[in-house]
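Participant: A single structure is presented below for examination.
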Amino acid sequence: MSNIKKNHSFNYFIAFLFLLPLFFPSQISGSERTFYAIGEKYAVSSGHTLATKTAAEILRKGGNAIDAAVSAAFVLGVVDFSNSGIGGDGFALVSQHIYGKNRIFAYDGSITRPSAPNTSYAGLPALPALLLQMLKNHGTMPYSEILKPAINYAEEGFKVTPYLETVALKTIPKIKDKKALSLLTGSNLKAGEIFKQPILATTLKEMASDSNKSFYSGQTAKAILEDLKIKGSGYRFTDFVRYNPKLTLPLRVEYENFDIFGTLPPSSSLIAIKLGTALDASGLDLSDDSPYNSFLLAKFSRPFLEERYSSLAFYAHNPYELFQLIPDNCNPANSEKILAEASNTTHICVWDSFGNAVSMTLTLGSHFGTQELSPCGFFYNNELKNYTKAVADYPDDYSKKLGPISSKSPIIVLKNRQLFAALGGAGSDRIIQNTGLLLGQLLSNQTDKNMLSRLRFFMDHKQILHLESNPEGIEPLIDYPKINHRNYGEDYFGLECLILKDSNIRQLKAFGDFRRDGSSFAE
């Protein structure tokens, strides 16, 4: 344990979307999006309205936060299938209220290396095993019931969002796999149209009926492996049969009257937490999104992000030592030698009336993973790419049992030993930047309903400052030579999810991100 002290038509459309919560109540009844909701019993924040709706319905039926999060995660794999799916992996934190205390459980559902020589970036599909294990350990509802919403959206279809259509159109020119091209170009993958995935529905039904047995040790596993072998994969049947997500101790940092929890490396919760505590101690204004202040925050944050590349793998088994070694005012490394990870993820936070909470990050790696469609209707993740030097420096003795270094950073916070917040995000290194900033705001009590709508920023490995333009499309100017102005709401800046408990009014506040397809719910 560590103890420390202290352009523009699109932009107008996005601005309009941001005003929608003023007119919609917190309840989710259809496909509307809510970005700020207050309730007394339970709350949800996720990367897609239908996932949020699913979690809300599970909670209303009497399910707990784990039931709701697992069901919503499967739905995300259907309706947000460019960012996640049963072919992906993830990290999760569970806060379970047991005998009056909050016990935190951490899950590492990252991929493992293939046992045979390999020329493919396709990683083993880890997500179904992760979700089933979480449900068995903490849930209350049958797996078959949990999977029903995802099966329904795959079989009956769902309405395509402008975001999904945009991502697909950008990705299609890069896709070589014929099955993937057929799915994305030969169907109604256009905003407002109903999109169905019958093959995926069949796979999900089989998983619901036999609790993943065929998927990991039966005919489905053999069909997946045969397809992977053609693509150069070194995975073998034993890799699938033996795969088990890791239930680990959580990372825990004591900071003033807070206990901050994250998942251990190879996730980056450690870096996000260190950044958040350092930002709180910095004296910087964490709520000012003006261009100059964004520059100051980005410049302050960049060295912490570089620790994720240069040090995290070396201290994977000594995370607290690394936490202490990183000073609150980091000095930049030789960033020109550090390459950025290109990945896209999604996130979900759920809080129930029993005092339980979940924060979970899911991914396929890049949009649509390897951009190869399996015979079972899902896209393979490309997480094996993350074992390369382009993503992180690895020591020669890096454990073969550990997954690759990842930017995923789920966080749960206790305040005065009481559950206080669940947060996390999506979007490669922007996860660490955005989540660290949110955490810093929580620690310094700089919280308001606009926390997720403020203009975002990011300084990349080439010291280029990416600034999100304001809704009117006016490009802010500061005296810095390397600025890249990006559209308000652009996919680049990722997505954040946040639920917090306001002890003053004893209510839950759920924040939904207008970027991508984010939404929130509370009741």
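Participant: Do we have any residue at all in the stretch 63-82 that's under 20 Å from the mean Cα position of the chain (by Cα), among the aliphatic types (A, V, I, L, M) and surrounded by fewer than 24 Cβ atoms within 10 Å (Cβ to Cβ)?
Facilitator: no
Participant: Among the residues of the stretch 365-413, which ones are of a type in the set (D, E, K, R) and closer than 25 Å to ILE273 by Cβ? Before the answer, list the steps.
Facilitator: Residues of the stretch 365-413 of a type in the set (D, E, K, R): 372, 383, 385, 389, 393, 396-397, 400-401, 408.
Those that are of a type in the set (D, E, K, R) and closer than 25 Å to ILE273 by Cβ: GLU383, ASP393, LYS401, LYS408.
Participant: Checking PHE18 against (1) at pLDDT below 95; (2) surrounded by 16 or more Cβ atoms within 10 Å (Cβ to Cβ); (3) assigned to a loop (DSSP other than H, G, I, E, B): exactly one of these is not met. Which one?
Facilitator: Just one mismatch for PHE18, condition (3).
Participant: Which residue out of ASP502, ASP429, ASP448 is under 25 Å from ASN83 (Cβ atoms) and of a type in the set (D, E, K, R)?
Facilitator: ASP429
Participant: Turning to a different aspect of this structure: Inside the stretch 406-418, can you point out the residues that are in contact with a Phe, Trp or Tyr (Cβ under 9 Å, 6 or more places away or on another chain), assigned to a loop (DSSP other than H, G, I, E, B) and surrounded by fewer than 24 Cβ atoms within 10 Å (Cβ to Cβ)?
Facilitator: ASN416
Participant: Checking the condition buried (at least 21 other Cβ atoms within 10 Å of the Cβ) and among the hydroxyl-bearing types (Ser, Thr, Tyr), which residue from SER503, SER469, SER444, SER519 passes?
Facilitator: Answer to the selection: SER519.
Participant: Identify all residues within the stretch 80-108 that are among the aliphatic types (A, V, I, L, M) and touching a Gly at 6+ places or on another chain (Cβ under 6 Å); write none if there are none.
Facilitator: The answer is ILE86, and nothing else.
Participant: Name the helices (runs of 4 or more DSSP H) wholly inside the stretch 135-236 in which the number of residues that are within 30 Å of GLY489 (Cα to Cα) and among the β-branched types (Val, Ile, Thr) is 3 or more.
Facilitator: Passing ranges, in order: 162-171.
Participant: Scan the strands (runs of 3 or more DSSP E) fully inside the stretch 429-521 and keep the ones with 1 or more residues being at pLDDT 95 or above and closer than 16 Å to LEU296 by Cα.
Facilitator: Answer list for the stretch 429-521: 457-459, 465-468.
Participant: Then there is this: Starting from residues that are of a type outside the set (Phe, Trp, Tyr) and assigned to a strand (DSSP E or B), keep the ones in the stretch 103-112 and report whichever is surrounded by the most Cβ atoms within 10 Å (Cβ to Cβ). Write out each step before concluding.
Facilitator: Taking the stretch 103-112 as the starting set, the residues that turn out to be of a type outside the set (Phe, Trp, Tyr) are 103-104, 106, 108-112.
After this cut, where a residue has to be assigned to a strand (DSSP E or B) as well, the list is 103-104, 106, 108-109.
Working: ARG103: 13, ILE104: 19, ALA106: 23, ASP108: 23, GLY109: 28.
If we take residues in the stretch 103-112 being of a type outside the set (Phe, Trp, Tyr) and assigned to a strand (DSSP E or B), then GLY109 is surrounded by the most Cβ atoms within 10 Å (Cβ to Cβ).
Participant: Continuing with the same structure: Anything in the stretch 396-448 that is farther than 18 Å from GLY90 by Cβ and of a type in the set (Lys, Arg)? List them, or say none. Explain how you work it out, then say what you get.
Facilitator: We begin by selecting, within the stretch 396-448, every residue farther than 18 Å from GLY90 by Cβ; these are 396-400, 413-421, 433, 436-448.
If the condition is that a residue be farther than 18 Å from GLY90 by Cβ and of a type in the set (Lys, Arg), then LYS400, LYS415, ARG417 are the ones that fit.
Participant: Taking the stretch 29-77 only, how many residues are closer than 17 Å to LEU164 by Cβ, in a helix (DSSP H, G or I) and in contact with a Lys or Arg (Cβ under 8 Å, 6 or more places away or on another chain)?
Facilitator: Count: 1.
Participant: For the stretch 106-113, does any single residue satisfy the condition of being acidic (Asp, Glu) and in contact with a Lys or Arg (Cβ under 8 Å, 6 or more places away or on another chain)?
Facilitator: Quick first cut of the stretch 106-113, residues acidic (Asp, Glu) only: 108.
Keeping just the survivors that are in contact with a Lys or Arg (Cβ under 8 Å, 6 or more places away or on another chain) gives 108.
Yes.
Participant: For ALA421, which of the numbered conditions (1) among the small types (Gly, Ala, Ser); (2) in a loop (DSSP other than H, G, I, E, B); (3) at pLDDT 95 or above fails to hold?
Facilitator: (2)
Participant: Here's another thing I want to ask about it. All but one of (1) under 17 Å from the mean Cα position of the chain (by Cα); (2) surrounded by fewer than 19 Cβ atoms within 10 Å (Cβ to Cβ); (3) not acidic (Asp, Glu) hold for GLY100; state the number of the condition that does not hold.
Facilitator: So the condition that GLY100 fails would be (1).
The values are calculated or read from the model by the stated rules, or taken from the named source; none is laboratory data. Only a predicted model underlies this, so the values are computations on that prediction, with no experimental measurement involved. No Cβ is skipped: glycine too gets one built from the backbone with ideal geometry, and neighbour counts run over all protein chains shown.
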